[in-house]
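This report concerns only the one structure given below.
The values are calculated or read from the model by the stated rules, or taken from the named source; none is laboratory data. Owing to the predicted nature of the structure, the values given are computational and were not obtained by experimental measurement. Because the Cβ atoms are built from the backbone with ideal geometry, glycine has one as well, and the counts that use them run over all protein chains shown. Quick note on the areas: whole protein, heavy atoms, side chains included, nothing else; ligands and nucleic acids left out. Shrake-Rupley method; radii C 1.70, N 1.55, O 1.52, S 1.80 Å.
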Amino acid sequence: MAKLDGASGNFIGRIGNMVYYLLNGKIVGRTIGKVESYSDKQLEIQMRTAVISPFLKTLNDFIRIGFKNTPKEDPNWNFYNIAMSLNNPQAIKGTYPDLEINYEKIILSEGAIPSPKNPHVLLNGNILEFTWDPDVDAKGADNRDQVMLLAWFPETEKTVFLTSGARRTDGKERLKLPSFKDDTIIETYISFTADDRTDVSTSVYTGQLIWKKAHA
Amino acid sequence: MAILNKGILGGFSGKAGPVTGSRWRGLYIIKSRSKKKIKKKNLLPQNFKMRVMSKFLGKFTKWIRVGFYDKKNKQIPYNVAMKLNMRHAIFGESPNYEINYKKIIFSKGSREPAWSVSAIPEDDNQIKVTWEIPETAKLNQIGNDQAIVLFYNKLKNRVMVSLTAKRIDLAVSISVPIAFQETTLEIWMFFVSPDGKSVSNTDYVGSIG
C-alpha cells in the first residue's frame with residue numbers, strides 16, 4: 001500500500017509491482033523483488049500467523065465487541081489488529097515447527113472494568129455452567145455489567161458464545177452447547193461488558209473441559 | 001486462422017501463429033499454443049493428484065460456485081476449491097492417490113456452520129440428515145439460510161443434491177434414487193444466506209451404506 005506524501009505529491013510505498021521510496025533525497029521507483037527463500041525465523045513468524053488466525057477469525061463477532069474501545073497503538077487499527085497484537089506471539093507456545101496456541105494466555109477482550117472474580121465453569125451434560133463472585137464493590141464494577149461467555153472447540157474450529165448474558169450480581173450463567181458425537185475438547189473464556197457497551201473487562205481463561213461420550 | 005469478431009477494436013478468436021485468442025470471463029485473452037503432451041512415464045506426482053481431485057471436484061462445479069462465491073476474488077471459485085482441497089484432502093503415495101472425504105470442503109466462509117450433523121438411513125430408501133442450531137445463534141438472521149446437502153456416489157462418480165431445506169427446519173429427508181442405492185454415499189452440507197453472499201464452512205456429515 002503506497003502512501004501519498006501531501007506536500008510534494010509523491011507516493012511512498014508499493015503500487016502493483018512497483019516500490020517507490022526516498023533515495024539520497026530523490027523519490028525512486030523500482031520493481032518489487034522476489035523472495036527466493038525464507039529463513040527459519042521468517043518461517044516461524046509465518047507459522048505463528050497460520051496457527052492463530054483460524055482461531056481469531058472464527059471469533060470475529062466476539063472480539064469485535066471485546067476490543068471495540070481498547071486503546072490502539074495506531075489509529076488505523078481495527079479490532080482484529082489489536083487482537084493479533086495482544087495474542088501473537090504472547091499466546092503461542094512451543095518452538096518452530098511445533099507451534100500451538102497457548103489457550104491460557106489468550107486475551108479476547110480488554111478494558112477498564114474489573115474482570116470476573118473467582119470464575120469457575122462446570123460441564124453438566126451439554127450445558128456449561130459458569131459461576132463467579134458478584135463483587136459489585138470493586139472499583140469500576142457496576143451491578144448491571146453483563147457477562148460474556150465463550151466456548152471454543154479446537155478440533156472442529158467452531159465456537160459458541162454469548163455476548164450479553166446475566167448481570168454481574170447474578171453470579172451465574174449457563175451456555176447451552178449443541179450435542180456431540182465424539183469426545184470433544186472445550187476451551188472456555190469469561191468476561192464482562194458494561195450495560196451501555198462502552199467498556200469491557202479483560203477476559204479470563206476458565207480452563208479446558210472435555211466432553212466425554214459416557215456423559216450422555 | 002484467427003477471426004476478428006469486432007473488427008480491429010475487439011479481440012480475436014482462434015489460432016494466429018504461435019498464439020491463440022479467446023474470450024474468458026468477459027476478457028479477451030491471448031494464450032500461447034499448448035505444449036506437447038507429456039509422456040506417461042514423465043508425469044509428476046502433482047499430475048496424478050490433479051487427476052484424482054479434478055475427477056471428483058468437477059462433478060461439484062455448480063455448488064463450488066455457490067460455496068466459494070467471492071465478488072472481489074479474481075480467481076474462479078473452482079480454482080480456489082482445487083487449491084484448498086489439493087492441500088488438505090488428499091493422501092496416498094504417487095501414483096495412487098486417494099481423497100480424504102472428511103477433509104473435503106465445498107465452501108469457506110464466516111457464517112454460522114452446521115452443528116452436530118448426522119445422517120440416518122430410514123425406510124423406503126430415505127436418508128434423513130439432521131443438524132442443530134446453538135441457542136446463542138441469531139435465529140432471525142440465519143434461520144432462512146438455505147441448507148445445501150451434497151451426496152456423492154463413489155462407485156458411479158455421481159452427485160446428488162438437496163436444496164429443499166432451510167436452516168430452521170433442522171432436518172431434511174431425501175429419497176434415494178435407484179442409482180444411488182446399495183452403494184456407499186458420502187455426505188456433506190453447508191449453509192448459504194438467502195442473498196448468496198455469505199456461506200458457512202462445509203461440514204462432513206458422514207458416509208452411509
Task: Matching residues in region B:42-64 - criterion: being open to solvent by less than 50 Å² (accessible area, probe 1.4 Å) and closer than 18 Å to B:Asn153 by Cα - done: B:Val52, B:Met53, B:Ser54, B:Phe56, B:Leu57, B:Gly58, B:Phe60, B:Thr61, B:Trp63, B:Ile64
Open item on the list: If I filter region A:43-60 down to residues being touching a helix residue (DSSP H, G or I) at 6+ places or on another chain (Cβ under 9 Å) and in a helix (DSSP H, G or I), which single residue comes out as farthest from A:Leu150 (Cα to Cα)?
Closed with: A:Thr49
- [ ] Having 1 or more residues that are within 14 Å of chain A (Cβ to nearest Cβ) is the bar; report the strands (runs of 3 or more DSSP E) wholly within region B:67-133 that clear it.
- [x] B:115-122, B:126-132
Task: Among the candidates A:Glu129, A:Glu187, A:Glu110, residue that is away from chain B (no Cβ under 13 Å), in a strand (DSSP E or B) and buried (at least 17 other Cβ atoms within 10 Å of the Cβ) - done: A:Glu187
Open item on the list: Could you check region B:31-50 and list, in sequence order, the residues that are in contact with a strand residue (DSSP E or B) (Cβ under 9 Å, 6 or more places away or on another chain) and free of Cβ contacts under 8 Å to residues at least 12 places away in the same chain?
Closed with: B:Ser34
- [ ] Please work out which residue is surrounded by the fewest Cβ atoms within 10 Å (Cβ to Cβ), limiting yourself to region A:157-184 and to residues that are among the charged types (D, E, K, R) and within 23 Å of B:Lys103 (Cβ to Cβ).
- [x] A:Asp182
TODO: Output the residue which, of all residues in region B:176-201 that are within 14 Å of chain A (Cβ to nearest Cβ) and open to solvent by 20 Å² or more (accessible area, probe 1.4 Å), is farthest from B:Lys59 (Cα to Cα).
DONE: B:Ser198
Open item on the list: Take B:Lys138 and tell me if it is of a type outside the set (A, V, I, L, M, F, W, C) and touching a Ser or Thr at 6+ places or on another chain (Cβ under 7 Å).
Closed with: no
Open item on the list: Against the condition in the same structural domain as A:Thr163 (by TED's automatic domain parsing), outside any loop (DSSP other than H, G, I, E, B) and within 18 Å of the chain's Cα centre (by Cα), how does A:Ile63 come out, does it pass?
Closed with: yes
TODO: List every residue pair whose Cβ atoms sit under 8 Å apart, with the two residues 6 or more apart in sequence or on different chains, where the first one lies in region B:19-30 and is free of Cβ contacts under 8 Å to residues at least 40 places away in the same chain and over 16 Å from B:Lys6 (Cα atoms) and the second, anywhere, is open to solvent by 100 Å² or more (accessible area, probe 1.4 Å) and in a strand (DSSP E or B).
DONE: B:Val19/B:Ile30; B:Val19/B:Lys31; B:Thr20/B:Ile30; B:Thr20/B:Lys31
Open item on the list: Return the residues of region A:1-30 that are open to solvent by less than 90 Å² (accessible area, probe 1.4 Å) and over 36 Å from the mean Cα position of the chain (by Cα); say none if nothing qualifies.
Closed with: A:Ser8, A:Gly9, A:Asn10, A:Leu23, A:Gly25, A:Ile27, A:Val28, A:Gly29
Task: Search result, residues across region A:146-156 that are open to solvent by 10 Å² or more (accessible area, probe 1.4 Å) and within 22 Å of B:Val205 (Cβ to Cβ) - done: A:Pro154, A:Glu155, A:Thr156
Task: Selection count, region A:132-176, where residues are within 14 Å of chain B (Cβ to nearest Cβ) and not in a loop (DSSP other than H, G, I, E, B) - done: 17
Task: Residues (open to solvent by less than 40 Å² (accessible area, probe 1.4 Å), in contact with a Ser or Thr (Cβ under 8 Å, 6 or more places away or on another chain) and within 14 Å of chain B (Cβ to nearest Cβ)) located in region A:42-78 - done: A:Leu59, A:Phe62, A:Ile63
